[in-house]
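Chemist: Take a look at this one; I'll ask things after.
Values quoted throughout were computed directly from the atomic coordinates according to the rules given, and no laboratory measurement underlies them. Please read these numbers as outputs of a predicted model, since none were measured by experiment. Every residue, glycine as well, gets a Cβ built from its backbone with ideal geometry; the counts of neighbours run over all protein chains shown.
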Amino acid sequence: EMLEKGGYDHFMLKEIYEQPRSVKDCLRGRIYPEQGLVQLGGIKEYTEKLKNLDRIIIVACGTSWHAGLVGEYLIEEYARIPVEVEYASEFRYRNPIISEKDLVIAISQSGETADTMAAIEMAKEKGATIFGVCNVVGASIPRTSHAGVYTHAGPEIGVASTKAFTAQVTVLTLIALYMAQQRGKISTSAMTSLLTELDHIPEKIQEALSSDSYIKEIAAKFKDSRNCLFLGRGSGFPVALEGALKLKEISYIHAEGYPAAEMKHGPIALIDEEMPVVFIATRNSSYEKVISNIQEVKARKGKVIAIVTEGDTEVRQMADYCIEIPASDEAFLPLLATIPLQLLSYHIAVMRGCNVDQPRNLAKSVTVE
Ligand code: G6P
């Protein structure tokens, strides 16, 4: 087993460190920065369909659902198609309104999650087109889908999803840009600049990983916390949700992810000098707003851990700890900001003596409802 872990103490850590490679594998043969082109062989037969869509419904569970929320943000931003993101378990038991002009995207690492599978079977029966975004080739969900895009992250052993999540986000980014291209919503020059940057994301993930030892020091300070809040805005919000899920899954610390502006409608009541609050505070369109949210937490003596863009000075004056990630286009923020949160959860869980690869009560794949 030590051999399988490639010298790492846990599969989870190995998989966190594999991300520069897994994201690169996911991009291979799909992006052509010089031509400003995205090619997705798995869905190219549905190009005409993409031009006449009323809306997209994303169905998923768990971490895959968080990837779906990032997808919503990107597809609406670039392809300008309305997107709804649904928990598969809720969607399947409603009487949802679905037509032939809907596209359903099912996101699933395993491709076997029972609720996600049932949701697409129902949508398919009602005439929707189904795309699968899965990691396991030939699994039930990709077989039931009309078309799809594999994430190619390689086998994920750790129950808490890490590299599968970043690969899902990568695929959804590609789908958003592909749809924008097919629907004529983006210029070739804008595509070229985005794809050139996307091509560098694997190296930037590598750079983000270099904060590991500093993150371990932060983990030592917060390992005995009983609660933790994760806050972000825009696409930083799903990143916050995923950060909170990771922490609760493997360390059993109660954690909540929230849109930063919603804090004042509830979670702010929890803040005292004991409360760690993790902010996604990178320099992007919501930067100034996030800064005021950080001030609200500091005014109540909360402990702030901020994920910031390298070279940041403003947040540094307020936050107790700042973890830097490389600067990038806002579109790719989730791919970079997720990395330190995975490491933070990992180290806290290890320090608490938890079984990080097989947390209690959780299964890698939930094939019963
Ligand atoms: C389980 C796993 C999670 C995963 C979720 C959905 O709860 O522990 O890591 O996100 O199922 O699984 P899927 O295979 O459909 O992505």
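Chemist: With a/c under 1.5 counting as rounded, go ahead and sort region 234-356 into rounded, prolate or oblate using the C-alpha gyration tensor (a ≥ b ≥ c being the square roots of the eigenvalues; past the cut-off, prolate if a/b is larger than b/c, else oblate).
Modeler: Oblate is the answer for region 234-356, as a/c is 1.5 or above yet b/c matches or exceeds a/b.
Chemist: Report, in whole Å, the centroid distance computed from the Cα atoms of region 1-56 and region 226-275.
Modeler: Region 1-56 and region 226-275 have Cα centres spaced 28 Å from each other.
Chemist: Distance cut-off 27 Å, Cα to Cα: go down the list K14/K221; K246/K303; K303/K364 and report the pairs above it.
Modeler: In this structure, K303/K364 lie more than 27 Å apart at Cα.
Chemist: Now a separate question. Counting other C-beta atoms within 10 Å, and keeping those with at most 10, which DSSP coil GluC sites (Glu not before Pro) do you find in region 1-32?
Modeler: Answer in residue order: E1, E4.
Chemist: What are the aspartates and glutamates whose alpha-carbon lies under 20 Å from the alpha-carbon of K216, with same-chain residues fewer than 8 places away excluded?
Modeler: Straight-line reach from K216, under 20 Å: D9, E15, E18, E207, D224, E242, E249, E274, E310, D320, E324, D357.
Chemist: Taking the Cα atoms only, what angle lies between the long axis of helix 236-251 and the longest principal axis of the chain, rounded to 10 degrees?
Modeler: In the chain, helix 236-251 runs at an angle near 70 degrees to the longest axis.
Chemist: Let me ask something additional. Let me have the 222 nm mean residue ellipticity of the chain computed from DSSP H runs of 4+ only, each contributing -39500 (n - 2.57), with the sum over all residues rounded to the nearest 500. Don't skip to the answer; put the middle values down first.
Modeler: On the way: 14 runs with 159 residues, N = 369.
The helix contribution divided over the chain gives -13000 deg cm²/dmol.
Chemist: Treating the angle as unsigned and between 0 and 90°, give the value, to the nearest 10°, between the Cα long axis of helix 62-78 and the longest Cα principal axis of the chain.
Modeler: Roughly 70 degrees between the two axes.
Chemist: I need the trypsin sites (Lys or Arg not before Pro) found in region 211-257, filtered to DSSP loop residues with at most 12 other beta carbons within 10 Å of theirs.
Modeler: Numbers: sites: K216, K221, K223, R226, R233, K246, K248; in loops: K223, R226, R233.
Taking region 211-257 and a limit of 12 other Cβ atoms within 10 Å, the loop trypsin sites (Lys or Arg not before Pro) found are R226.
Chemist: Just want to confirm a number: the relative contact order over the chain, from Cα pairs under 8 angstrom separated by 6+ residues, in percent.
Modeler: Here the relative contact order equals 20 percent.
Chemist: Kindly work out what percent of the DSSP beta bridges joining two residues of the chain are antiparallel, to the nearest 5.
Modeler: For the chain, the DSSP antiparallel bridge percentage is about 5.
Chemist: Which trypsin sites (Lys or Arg not before Pro) in region 329-369 pass both tests, a DSSP loop state and at most 14 other beta-carbon atoms within 10 Å? Don't jump to the answer; show the numbers that get you there.
Modeler: On the way: sites: R352, R360, K364; in loops: R352, R360, K364.
Answer in residue order: R360.
Chemist: Let me ask something else about it. Give the angle, between 0 and 90 degrees and rounded to the nearest 10, that separates the Cα long axis of helix 114-125 from the longest principal axis of the Cα atoms of the chain.
Modeler: Tilt of helix 114-125: around 30 degrees.
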